[in-house]
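Please read the structure below before turning to the comments.
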Amino acid sequence: MIQKPYIPITISLLFALMLSMLPLPGWINHIRPDWVTLVLIYWAMALPLTAGVMTAFVFGLLLDVSQSTLLGQHALALVIIIYLVQRLYLRIRVYTLIQQAIFVGVLLAIKQLVVLWVSGITNNAPDITLYFLPTLTGVFIWPWLFILLRDIRRRFCHSQHR
Amino acid sequence: MVEMNALFQNRTSLVIRAIILIMFSIALMIADHRWNHLENLRKGLSNIIYPLRYTINIPAEFVQWIDESITSHNKLLEDNKRLKADHLLFEARLQKMDTLELENQRLRSLLGTPRKASERVLIAEIFSVEQDPYKRLININKDADDGAYIGQAIIDAYGIMGQIIHVNENSSTVMLISDSNHAIPIQINRTGLRGTVFGTGDSSKLELRFIPHNANIKEGDIVSSSGLGGRFPPNYPVGVINSIERPAGETFASIDITPSAKLDQSREVLMLWHNAPADTNSLESPGKK
């Protein structure tokens, strides 16, 4: 029944990781959405038994290595928000796309805050004037990403739920 | 009903798993921040990142390859001519430098302060640039097999660029002097005044801090590394003083420096061996005043 959902999940997350490392001109970096987090939120919501806090932790560490941040910084933030998603996934699923996008915005903001907070403690806090722009772009991109990933899920993993 | 049961079991264990992972992340961060003991873990994980980075680079490298293959014959001839002329010019300058260095050594031996032999260098290529807009990090294509070590100084043809902060497999991460976490001990060439230059996160601006209002400095002064702290080799250019403001009421002047190295433009950089890897714990060299 379940056709190895691990494979599409891993591939989409690795692809998101690549998007987050893709070199782009300077100003776009300030609005680059947080791809890995968005994709993780989707999978934790759609297939909560497959993608959970452990997945979040592993990809958090990979983000830390790829961005040369403190090991565990993104991992901590991702575990916290994916935990929230796993607690609330039944509720999030019945939201409309717009409501979902707003909720995702809140999650992204929490993630950004935790990362900022850790940076602050280790005294490398960045300038925060533009720091939350990726949260906004994440909200705008969510509906499209949701539809894309839903199609991928329907195609490659015959769903456990729904 | 079955699903509900699975759900409830899942919930309790979910809390426990989340708490364990959160504690584990915090422990990792503390270990990484305080003791830098996790370089091996980082190295292992970077093996997963490396192929991804490589894949991202393929289109750019392909375009570059095409560009190189269809460069016209004339352009190559032109380049060749220009490079030969440059080479001649530099040779002539080097000759002068050689005499100067000999003279310098002679004078130093007279004074009884032996000068260290010149440093070994190796050319490395910039492999990718960190995409986080709040950091100034680059990755170069050399690793421990080539002798790279944490704290190694990286320069380009015009001045000091930064230092290595992580050595991975097949690549190393370099923190540029413009990163806001970076500091480098310097001295002003004209007066010998010592100080510390901090990065600002902006690659066209550095900051010389903790210099009192009445210090003897002026715009256009050349700032070079002092070698104090043992991280960077002495006497490599860091930048030129661009503007000095002396706000009334502040203890220190605010001094902007334009970096000499082309932090945003170089494609090739030089790795410099000037001393053996000493301590790898502190990123900031304690070279202040």
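The values are calculated or read from the model by the stated rules, or taken from the named source; none is laboratory data. Since we're looking at a predicted model, the values are computed, not measured. So basically every Cβ, Gly included, is an ideal-geometry build from the backbone, and we count neighbours across all protein chains shown. The protein model used for the area step is the full one, side chains on, heavy atoms only, and it has no ligands, DNA or RNA in it. Shrake-Rupley method; radii C 1.70, N 1.55, O 1.52, S 1.80 Å.
A few points about this structure:
A quick yes/no check of all residues on (1) open to solvent by 30 Å² or more (accessible area, probe 1.4 Å); (2) of a type in the set (Lys, Arg); (3) modelled with pLDDT under 85; (4) outside any loop (DSSP other than H, G, I, E, B):
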residue	(1), (2), (3), (4)
B:Asn104	yes, no, yes, yes
B:Leu110	yes, no, yes, yes
B:Arg115	yes, yes, yes, no
B:Ile123	yes, no, no, yes
B:Ile154	no, no, no, yes
B:Ala157	yes, no, yes, no
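- Flag if A:Val115 is in contact with a Gly (Cβ under 8 Å, 6 or more places away or on another chain), of a type in the set (Val, Ile, Thr) and open to solvent by less than 50 Å² (accessible area, probe 1.4 Å): no
- Condition check for A:Pro126: facing another protein chain (nearest Cβ under 9 Å), farther than 28 Å from A:Ile147 by Cβ and not small (Gly, Ala, Ser): yes
- Output for segment B:26-66, where each listed residue is of a type in the set (Phe, Trp, Tyr) and either within 7 Å of chain A (Cβ to nearest Cβ) or more than 22 Å from B:Glu169 (Cα to Cα) (or both): B:Phe62, B:Trp65
- Scanning segment A:21-42 for residues that are surrounded by 20 or more Cβ atoms within 10 Å (Cβ to Cβ) and not acidic (Asp, Glu) turns up A:Met21, A:Pro33, A:Trp35, A:Val36, A:Thr37, A:Leu38, A:Val39, A:Leu40, A:Ile41, A:Tyr42.
- When residues of segment A:23-48 are limited to those that are assigned to a loop (DSSP other than H, G, I, E, B) and at pLDDT 85 or above, the one farthest from A:Arg154 (Cα to Cα): A:Arg32
- When A:Arg87, A:Arg155 are screened for being open to solvent by 50 Å² or more (accessible area, probe 1.4 Å), in a helix (DSSP H, G or I) and at the interface with chain B (Cβ under 9 Å from one of its Cβ atoms), only A:Arg87 passes.
- Meets criteria (without any contact (Cβ under 8 Å) to a residue 40 or more places away in the chain and within 14 Å of chain A (Cβ to nearest Cβ)) for B:Val129: yes
- Within segment A:77-102, residues that are closer than 26 Å to A:Val118 by Cα and without any contact (Cβ under 8 Å) to a residue 24 or more places away in the chain have Cβ atoms under 8 Å from residues that are open to solvent by 60 Å² or more (accessible area, probe 1.4 Å) and of a type in the set (Lys, Arg) in these pairs: A:Arg87/B:Arg11, counting only partners at least 6 apart in sequence or on another chain.
- Among all positions in segment B:70-85, there is no residue which is open to solvent by less than 80 Å² (accessible area, probe 1.4 Å), touching a residue at least 24 places away in the same chain (Cβ under 8 Å), assigned to a loop (DSSP other than H, G, I, E, B) and more than 30 Å from B:Asp202 (Cβ to Cβ).
- Qualifying residue in segment B:115-125 (condition: among the acidic types (Asp, Glu) and within 12 Å of chain A (Cβ to nearest Cβ)): no
- Checking A:Thr50 against (1) closer than 21 Å to A:Phe140 by Cβ; (2) β-branched (Val, Ile, Thr); (3) open to solvent by 20 Å² or more (accessible area, probe 1.4 Å), the condition it does not meet: (1)
- Yes/no for B:Ser254 being among the hydroxyl-bearing types (Ser, Thr, Tyr) and more than 15 Å from B:Asn189 (Cβ to Cβ): yes
- Cross-chain or 6+ apart pairs with Cβ under 6 Å, segment A:18-45 first and more than 9 Å from chain B (Cβ to nearest Cβ), then part of a loop (DSSP other than H, G, I, E, B) and of a type in the set (A, V, I, L, M): A:Trp43/A:Ala51; A:Ala44/A:Ala51
- Residue in segment B:140-155 that is over 14 Å from B:Gly239 (Cα atoms), in contact with a Phe, Trp or Tyr (Cβ under 8 Å, 6 or more places away or on another chain), of a type in the set (A, V, I, L, M) and touching a residue at least 60 places away in the same chain (Cβ under 8 Å) present: yes
- Some residue of segment A:65-84 being within 11 Å of chain B (Cβ to nearest Cβ), open to solvent by 50 Å² or more (accessible area, probe 1.4 Å), closer than 23 Å to B:Ser171 by Cα and over 12 Å from the mean Cα position of the chain (by Cα): no
- All conditions but one from (1) more than 8 Å from chain B (Cβ to nearest Cβ); (2) within 19 Å of A:Leu19 (Cβ to Cβ); (3) open to solvent by less than 10 Å² (accessible area, probe 1.4 Å) apply to A:Val58; the one that does not is (3).
- Residue match in segment A:125-135 (condition: in contact (Cβ under 8 Å) with a residue 40 or more places away in the chain and surrounded by fewer than 15 Cβ atoms within 10 Å (Cβ to Cβ)): yes
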